[in-house]
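Notes follow once the structure below has been shown.
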Amino acid sequence: MNAIPSNKNVMPLGRVVINRKQLLKKVPLCERTILDMEKRGEFPRRFSVTRRLVVWDLAEVDEWIARQQTAGVQQPQPGTKANDLSSYRSN
């Protein structure tokens, strides 16, 4: 009798995944930004389906989008540090 190994990294059946092209239509960030955010743990992790195909769990991406919407935190402009207000002028 062959037992199915239990692995916490295996997605449950019935989950929907999206490929890179679908992700980039859904999330208006460049690929490099997404990769950097994944490495920092700020974006859902991709996983390989084959050697040449990576996908993301659609539910995780949707949850990430919802968290961004509810956070309501103004993100710093690209090229500036979070606490760097020197580029803003006071009147």
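The values are calculated or read from the model by the stated rules, or taken from the named source; none is laboratory data. Just so it is clear, the structure is predicted and the values come from calculations on it, not from any experiment. Neighbour counts run over all protein chains shown; Cβ positions are idealised from the backbone, glycine included. Only protein heavy atoms, including side chains, enter the accessible area calculation; ligands, DNA and RNA are left aside. Shrake-Rupley method; radii C 1.70, N 1.55, O 1.52, S 1.80 Å.
Can you confirm whether region 61-71 contains a residue that is among the charged types (D, E, K, R) and either surrounded by 13 or more Cβ atoms within 10 Å (Cβ to Cβ) or at pLDDT 95 or above (or both)? Even if it seems obvious, please write down each step before you answer.
Residues of region 61-71 that are among the charged types (D, E, K, R), as a first pass: 62-63, 67.
Adding the requirement that they be either surrounded by 13 or more Cβ atoms within 10 Å (Cβ to Cβ) or at pLDDT 95 or above (or both) leaves 62-63.
Yes: one or more hits.
Is there a residue in region 3-17 that is open to solvent by less than 70 Å² (accessible area, probe 1.4 Å), within 20 Å of residue 69 (Cβ to Cβ) and at pLDDT 95 or above?
no
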